[in-house]
1. Just name the residue that is modelled with the lowest pLDDT out of those in the range 91-118 that are hydrophobic (A, V, I, L, M, F, W, C) and over 19 Å from HIS18 (Cα atoms).
2. Go through the residues of the range 89-108 one by one and say whether even a single one is farther than 20 Å from GLU46 by Cβ, touching a residue at least 12 places away in the same chain (Cβ under 8 Å) and assigned to a helix (DSSP H, G or I).
3. Within the range 110-134, count every residue that is part of a strand (DSSP E or B) and in contact with a Lys or Arg (Cβ under 7 Å, 6 or more places away or on another chain).
4. Right, ALA145: without any contact (Cβ under 8 Å) to a residue 40 or more places away in the chain, touching an Asp or Glu at 6+ places or on another chain (Cβ under 9 Å) and assigned to a helix (DSSP H, G or I) or not?
5. Looking only at residues in the range 12-55 that are under 20 Å from LEU85 (Cα atoms) and in a helix (DSSP H, G or I), which one is modelled with the highest pLDDT?
6. Would you confirm, using the coordinates I've provided, whether GLY80 is under 16 Å from the mean Cα position of the chain (by Cα), farther than 17 Å from LEU52 by Cβ and in a helix (DSSP H, G or I)?
7. Conditions first: (1) surrounded by 21 or more Cβ atoms within 10 Å (Cβ to Cβ); (2) in a helix (DSSP H, G or I). ALA137 passes all but one, so which condition is the exception?
Amino acid sequence: DEVYQTVEKCRLQAAQIHRDSPEKMQTINTRLHGVCYPAIQPRTFEEALIALNPDLISAPPWIPQLLIDAYHPELAGGTGKRADLEIAHRLTEVVSRLMVAGGLSPDNVGEVLRVLRPWAVDVSSGVEYAPGKKDHALIRAFIQAVREASQED
């Protein structure tokens, strides 16, 4: 219920949902009119495919179809560990709007963008000077690295 209330009260156009089964994700997405997308931490490519929601293929173009993050048995993101780039690369072949997270920083986001060409990237701990504390200089450096890699097309 907290997810529903937050999305509706804030009038969000997209919401990232972590660690829910495909069935629960479908229920959430139906109730919220297709504004949610799954954030997954797969151990295998097959595990990632299970999370794909066919309804997101026809979702509004500002909503990712899937976010891939590094696997962690207990934490849902923000671990600083890199997502499995082999799985992410295979996902780019079946997901047109793939968002990549997991261990991204100003030092490596350019390489990830050049290699994978994801639809978007997501960063958290890679721009922090301490857990939960964002560093403005690192944020600016991250954005600059994204811009530079994006202009290399």
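1. Among those that are hydrophobic (A, V, I, L, M, F, W, C) and over 19 Å from HIS18 (Cα atoms), it is VAL94.
2. Within the range 89-108, not a single residue is farther than 20 Å from GLU46 by Cβ, touching a residue at least 12 places away in the same chain (Cβ under 8 Å) and assigned to a helix (DSSP H, G or I).
3. First, pick out the residues of the range 110-134 that are part of a strand (DSSP E or B): 120-121, 128-130, 133-134.
Then drop every residue that is not in contact with a Lys or Arg (Cβ under 7 Å, 6 or more places away or on another chain), which leaves 128.
Here the count works out to 1.
4. Working: without any contact (Cβ under 8 Å) to a residue 40 or more places away in the chain: yes; touching an Asp or Glu at 6+ places or on another chain (Cβ under 9 Å): yes; assigned to a helix (DSSP H, G or I): yes.
Yes; evaluated as a whole, the condition is true for this residue.
5. In this case the residue turns out to be PHE45.
6. Judged against the criteria, GLY80 is not a match.
7. Evaluating ALA137 over (1) surrounded by 21 or more Cβ atoms within 10 Å (Cβ to Cβ); (2) in a helix (DSSP H, G or I) leaves (1) as the failure.
The values are calculated or read from the model by the stated rules, or taken from the named source; none is laboratory data. Since we're looking at a predicted model, the values are computed, not measured. Methodologically, a virtual Cβ is constructed for each residue, glycine included, from the backbone with ideal geometry; neighbour enumeration extends over all protein chains shown.
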